[in-house]
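S.K.: Here it is, the structure, as structure tokens.
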Amino acid sequence: MLRWLPEDVSTFGPDIDSLFYLIYYITAATFILVTVLMVWFVIAYRQREGRRATYTHGNTTLEIIWTIVPAAILIVLSFMSVSTWAKVKRHAPASDFEIQVNAKQFNWEVIYPGPDGKLGTGDDVKFDNDIHAPVNKVVRIQLTASDVIHSFFLPNLRLKQDAVPGRNILVWFEATKPGKYELPCAELCGFGHSGMKGWLHVHTAEEYAKWAAESLAPKPQ
Amino acid sequence: MSDTVAAGAAHAAHAHHEELGFWRTYVFSTDHKMIGRQFLFLGLFMLIIGGLLAMMMRWQLAWPETAVPGTSWVPEPYMYEGIVPPNTYNALFTMHATIMIFFVVMPIMVGCFGNFLIPLMIGTRDMAFPKLNMLSFWVGAVSGVVMLASFFVAGGPAASGWTGYATLSAKAAYTGVDWGQNLWIISLFILAISSLMGSINYITTIVNMRAPGMSYFRMPLTVWSLFITAILLLLALPVLSAALAMLLFDRTLGTSFFLPEGGGQPLLWQHMFWFFGHPEVYVLVLPAMGVTSDHLSTFCRKPIFGYHAMAFSMIAIAFLSWIVWGHHMFISGMNPLLGTAFMMTTMVIAVPSAIKVFNWLGTLWGGSIRLTAPMLFALGFVSNFLIGGLSGIFMASTPVDIFIHDTYFIVAHFHYVVAGIIFALFAAVYYWFPKMFGRTMNEGLGKIHFVLTYIFFNLTFFPMHFLGVGGHMRRIYNPMQYEFIQPMQDWNVFITVTALTLGLSQITFLVNFFASLFRWNAKWFRLLVQIVVSAISGYALQMFVGLALFLLVGASLPFAAALIAGVALAAIVFWYLYRNMGELGETAPRNPWQANTLEWIAASPPPHGNFEVQPVVYRGPYEYSSPEVKEDWLPQNKPLGAAAAARAH
């Protein structure tokens, strides 16, 4: 089933995927175990002439076992999830590459700081739906929305974050491979929701420098 | 003892004096059984509408922007000669979910079976507040009318998802839907009042009106589940009502509870909605768990395994359901530290669910299993709940949820849980139909219905996991707009084909239900039923074989093989039904399943007042195959030993 996972090109993706696989194996084993038992019981204990059902109201030892075992597995799973979650969502690494993405019906507005290196100043450079970033560099994005809730989804980078009007939410990623990755909106945002998408272009350092020189340089007045 | 008997007889005699006219009997009835039936018909009617909406959605997903057959009459701008435009698509999934949750599962599992079963199973004459009960149904019906009316107002019905996230839902300009969304809010507000009245009634009845000897821990698990459900509803609905009122004020009066430009918070809506919404999920699933426990015990001829564990796990689920709502909001922008906390509580709530599944397995072990139609559906519920429960662990883990949130993985998960309830619902209809209407549903047709529903339910919803793993977002109108989804489009076609077959298979149920209810046994009608059901079975097998071969071989060759298989099965089913389909709607005996609970000692259907004699309870509800008696069942009210001796005096 997990072969359908899109290729991962982020630094934290392998952590997420390994949890995904771990849960997949645990649940698949549980599913097979319970289903086999169920089918076996239904066949083995089907109605037969002259046989009476076993008269029992339960078994305390079994109850304790099947309470404690799943509880232990689930608690271990949640502790294993804590650090990856903190890495992705709580502790964004520092970086000198910080841009803003503002979501609005039905576009991703991508804002780069201008020559002054600061966002929110008059020389900011705006693009629609295309993010350009260098490979192997921490990219920090201030995520905002101007009308309704949107969701910034990069399947290949295992990254998703809602953009909420009235808030500025910091997301980050570090791409490990140059390429062009689709950026759909994952939260229903109105009649144009389907088809609201952009692209993340991950460049090598040289290519990115070239793009930045062409596109981010101040335009002659 | 004899006093109670005499009192009961006096009640019964008294009941015979009341001659109620048509209106008081069938329309404005205060009889809990009639109100239960009314909820059942409301729910079945809405089930058909909700199902058809889903079919239209599936059509668009498989074959985007082609005309949906049979819909060219829908005027523009809602549809363009049968082609679904984006906003209508958004309205389709919004209304599909709203109708299925609030107007199908709640009216049938809580409204119908809650009403019908609680007084009968605890051994009393009626609900504590019969008039409030009547009001509850009619207020619910008004709510349904308002919801359906929203299809006909300018702008169309609500299109912001059943979760109605602000700010999308808070301003007409964002969706282009004005009164449709307002009516959606008003309808749910009215429905909350209806459910509130019902839950007060259920709680009061269960606390105060149990038959002599019916202690809490002698109640059937169905009653336990409905009791807990009623408490959840009582506490959760006011929160929904408050949120809905605030949303309506934002839309119509210019307030800004959820709008940031006026200082409001969009996330406040999500917190309030899911604070209601997560207990609501258990409102839907707990009654299904309750009736499933009863069905498994009855048809295994064996006491339920771990009765106390079953009751306490439901109580645990009810408590925990109040502290897990944040798992719907992991990526909403809520403080990530809260996400960690909610992940912990969510992992914990999986434990009582696991306990229930293991106890159901324990009940099967050593049983003497009768695979009747209701038993098959009960097993189907357990199997689907298992998958839905396990897939929930994926999204409980916050890092994994980052990827699968808002994808088809979620859609697969909640259909296995919530749409899986339909199996418990069908089981309950087949099981209690004899008691509700005094007639039995046809077993053969019921089994065919089960096989078709089980196979095509799984073929429809299981592949949605694959789509979700591939990153396929939910609520998108046209998957072909995304390059990374295009390679998976074959699965969308597959799912649509199986979903249409799943929908078609439900004709088997409707025919069985209504023909049994009205005893349609004319020769031509029986022949028609046999032809239709065998044709559906043949068509379904042809689809199944065709799709399987297509996946395995991928050539055009399979078509002939599939066709042959389909025709062969159709012929077999026809032959079987022609020979073995008994009279439809046979008169039901009092206790057709030889079950222990109190509803089966009343007449089928029970008269106004239910019992000829006030039942007295001597034991728990699951004393099957007890060594104390020769038969393999022992009704709750049957005196034995000392009690029997006392009664003889």
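S.K.: Starting from the Cα-Cα distance between B:I572 and B:L52, subtract it from 0.36 nm times their residue separation and give me the gain in nm to one decimal. Show your work: numbers first, answer last.
M.R.: Details: separation 520, 0.36 × 520 = 187.20 nm, distance 2.95 nm.
Result: 184.2 nm gained on full extension.
S.K.: Restricting to chain A, what percent of DSSP beta bridges are antiparallel, rounded to 5? Walk me through the intermediate numbers first.
M.R.: On the way: 28 of 40 bridges.
Of the beta bridges lying entirely in chain A, close to 70 percent run antiparallel.
S.K.: Ok, one more. How far, in degrees from 0 to 90, does helix B:86-98 lean away from the longest principal axis of the Cα atoms of chain B, to the nearest 10?
M.R.: 20 degrees
S.K.: Taking a ≥ b ≥ c as the square roots of the eigenvalues of the Cα gyration tensor of chain A, is the shape rounded (a/c under 1.5), prolate (a/b larger than b/c) or oblate?
M.R.: Numbers: a/c = 3.11, a/b = 2.79, b/c = 1.11.
It is prolate, given that a/c is not under 1.5 and a/b is the larger ratio.
S.K.: If you don't mind, there's one more thing I want to ask. Enumerate the lysines that A:K177 could reach by cross-link, defined here as Cα to Cα under 22 Å, with residues fewer than 8 away along the same chain left out.
M.R.: A:K87, A:K89, A:K137, A:K160, A:K197, A:K210
S.K.: Mind pulling the angle between the C-alpha long axis of helix B:523-552 and the longest principal axis of chain B? Nearest 10 degrees, somewhere in 0 to 90.
M.R.: 50 degrees
S.K.: Would you grab the residues whose amide H sits under 5 Å from the one on A:F173? Only those 5+ places off in sequence or on another chain, please, with H modelled 1.01 Å from N.
M.R.: Here the answer is A:V139, since their amide H atoms fall under 5 Å of that of A:F173.
S.K.: Separation of region B:42-66 and region B:563-604 by C-alpha centroid, Å?
M.R.: The two parts, judged by their Cα centres, are 29 Å apart.
S.K.: Let me confirm one metric for peptide B:141-147, namely the mean number of other chain beta-carbon atoms within 10 Å of its residues' beta-carbons.
M.R.: Values: counts 0, 0, 0, 0, 0, 0, 0.
If you average over the peptide's residues, the count of other-chain Cβ atoms is 0.
S.K.: Using the count of nearby Cβ atoms within 10 Å as a rough guide to exposure, how do B:L551, A:L159 rank from fewest to most?
M.R.: Numbers: B:L551 11, A:L159 24.
With the sparsest Cβ surroundings first, the list reads B:L551, A:L159.
S.K.: Now, a different point. Helices from chain A with mean Kyte-Doolittle at least 0.5 and a Cα length along the axis of 24 Å or more, per DSSP H: which?
M.R.: A:13-44, A:60-85
S.K.: For the protein assembly as shown, give the share of DSSP beta bridges that are antiparallel, in percent and rounded to the nearest 5; count only bridges with both residues there. Mind dumping the intermediate values first?
M.R.: On the way: 31 of 44 bridges.
Counting only bridges with both partners in the protein assembly as shown, antiparallel ones make up about 70 percent.
S.K.: Further question: Give the cross-link partners of B:K33 among the lysines, using a straight C-alpha distance below 30 Å as the criterion and excluding same-chain residues fewer than 8 apart.
M.R.: B:K131, B:K302, B:K356, B:K435, B:K447, B:K638
S.K.: Now a separate question. Please work out whether the protein assembly as shown counts as rounded, prolate or oblate from its C-alpha gyration tensor, where a ≥ b ≥ c are the square roots of the eigenvalues and a/c under 1.5 means rounded, while otherwise a/b larger than b/c means prolate and anything else oblate?
M.R.: prolate
S.K.: Can you tell me, using C-alpha contacts under 8 Å and at least 6 residues apart, the relative contact order of region B:66-189 as a whole percent?
M.R.: On the way: 127 pairs, mean separation 31.3, N = 124.
RCO, region B:66-189: 25 percent.
S.K.: If one computes the Cα centroid of region B:149-202 and of region B:461-529, what distance in Å separates the two points?
M.R.: For region B:149-202 versus region B:461-529, the Cα centre distance is 26 Å.
S.K.: Where the centre of each part is set by its Cα atoms, how far does region A:153-206 sit from region A:36-80, in angstrom?
M.R.: Here the two parts' Cα centres lie 45 Å apart.
S.K.: Under a point-charge model restricted to the Cβ atoms of Lys and Arg (+1) and Asp and Glu (-1), what is the dipole moment magnitude of the protein assembly as shown relative to its Cα centre, in debye to the nearest 20?
M.R.: On the way: 49 positive and 48 negative charges, 496 e Å.
Dipole size: approximately 2380 debye.
S.K.: As an exercise, use a Förster radius of 35 Å and the Cβ-Cβ distance of B:S72 and B:K523 to find the FRET efficiency, rounded to the nearest 0.05. Don't jump to the answer; show the numbers that get you there.
M.R.: On the way: r = 37 Å, r/R0 = 1.06.
Once the sixth-power term is evaluated, E becomes 0.40.
S.K.: Moving to a separate point now. Could you work out the relative contact order of region A:98-215, using alpha carbon pairs under 8 angstrom and six or more residues apart, expressed as a whole percent? List each step's numbers first, then the result.
M.R.: Values: 280 pairs, mean separation 32.4, N = 118.
Computed value for region A:98-215: 27 percent relative contact order.
S.K.: Rank these for me by crowding, A:H91, A:H201, going from fewest to most other beta carbons within 10 Å. Intermediate results must be reported in sequence, preceding the final value.
M.R.: Values: A:H91 10, A:H201 17.
Fewest-to-most ranking of A:H91, A:H201: A:H91, A:H201.
S.K.: Hey, with R₀ at 22 Å, roughly what FRET efficiency would A:W199 and A:F97 work out to, going by the Cβ-Cβ distance, to 0.05?
M.R.: 0.80
S.K.: Hand me the GluC sites (Glu not before Pro) from region A:26-123 located in a DSSP loop with no more than 13 other Cβ atoms within 10 Å, in residue order please. Show your work: numbers first, answer last.
M.R.: Values: sites: A:E49, A:E63, A:E98, A:E109; in loops: A:E49.
When the GluC sites (Glu not before Pro) of region A:26-123 are filtered for loop state and at most 13 Cβ neighbours within 10 Å, A:E49 remain.
S.K.: Now for a different question. Neighbouring Cβ atoms within 10 Å as the yardstick, rank A:V42, B:V532, B:V357 fewest first. Kindly include the intermediate steps, with their values, before the conclusion.
M.R.: On the way: A:V42 17, B:V532 13, B:V357 21.
Ranked by crowding around the Cβ, least crowded first: B:V532, A:V42, B:V357.
S.K.: Moving on. With +1 assigned to the C-beta of every Lys and Arg and -1 to the C-beta of every Asp and Glu, and no other charges, what is the dipole magnitude of chain A about the Cα centre in debye, to the nearest 20?
M.R.: Working: 21 positive and 22 negative charges, 207 e Å.
It works out to roughly 1000 debye.
S.K.: Got a sec? Charge dipole of chain B, +1 on Cβ for Lys and Arg, -1 for Asp and Glu; which of B:F457, B:A588, B:H415 is way out at the positive end?
M.R.: Value: B:A588.
S.K.: Follow-up question, since we're still on this one. In percent, how large is the relative contact order of chain B, given Cα pairs closer than 8 Å and 6 or more residues apart? Working shown, then result.
M.R.: Working: 1064 pairs, mean separation 102.0, N = 649.
For chain B, the relative contact order is 16 percent.
S.K.: With angles folded into 0 to 90 degrees, how steeply does helix B:336-364 sit against the dominant principal axis of chain B? Use alpha carbons for both and round to 10.
M.R.: Once rounded, the angle reads 40 degrees.
S.K.: Still on this structure, I have one more. Which FRET efficiency value, to the nearest 0.05, do you get for B:F22 and B:L510 by plugging their Cβ-Cβ distance into 1/(1 + (r/R0)^6) with R0 = 30 Å? Could you put the intermediate results ahead of the total?
M.R.: Values: r = 25 Å, r/R0 = 0.85.
Efficiency at R0 = 30 Å is approximately 0.75.
No lab work stands behind these numbers, since they all come straight from the coordinates. All figures in this text were calculated on a predicted structure; none of them were measured in a lab. When we count neighbours, we look across all protein chains shown, and the Cβ atoms used for this are built from the backbone with ideal geometry, even at glycine.
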